[in-house]
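The block underneath contains the structure these notes are about, expressed in C-alpha cells.
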Amino acid sequence: MTHTTLTVDVIMSRELRTLNRAHTVKQALEALSGYDIRHVPVVEEDGVTLAGLVSDRDLREYTVPTLVQVRDPGQHAALLETPLDEVMRVGLLCVEPGDSVRAAIGVMLQYRVGAVPVVEPGTKRLCGILSYVDVLKLAAERL
C-alpha cells in the first residue's frame, strides 16, 4: 500500500474574507460574525499581500463591556473605531500550499494557534487559510 502525503492545498479554505489595515475593530467583528469565521487575514492595499491576522480571540476585549465602557458608552464606540493596524497580529507563522498537512498541524499545535495563513512559496501572497475546522473536516471524512 503506497502512502501519499496530503498537502495543505487539498484542504485549505480558498474563499477568503479579508480586511485591510484601515478597517476597524467594528468591521472585523462584523465580518467574523457575518461570515461565521474566527480568523480574518489582513492584507495590504494590493488585496493579496498578507500584513497580519485578526481572530475572535484578539478582539474579545472589545466585545465584553468593561466597567469603563458601561460608564462611558462613547469611549466604547471610539474603541470600536480602532484600526486593525493597531490590533492585528504580525510576524505570523505561515504555511505553503505544498506543505504536508501533518507538518501544518504540528505548527498549529506547537504554537497553539487555531489557523495559519497559506502563502505562495517564498512570498507573502495570500492564497488560503488552514484552520482547525479544515483539519476536523478531514478527520471526519477519514474516520
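Okay, here's what the table says:
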item	result
Single unsatisfied condition, L92 versus (1) modelled with pLDDT under 95; (2) aliphatic (A, V, I, L, M); (3) more than 16 Å from T18 (Cβ to Cβ)	(3)
Within region 75-116, tally of residues that are outside any loop (DSSP other than H, G, I, E, B), crowded, with 17+ Cβ neighbours inside 10 Å and touching a Gly at 6+ places or on another chain (Cβ under 8 Å)	2
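The values are calculated or read from the model by the stated rules, or taken from the named source; none is laboratory data. Owing to the predicted nature of the structure, the values given are computational and were not obtained by experimental measurement. Positions of Cβ are backbone-derived with ideal geometry, glycine not excepted, and every protein chain shown enters the neighbour counts.
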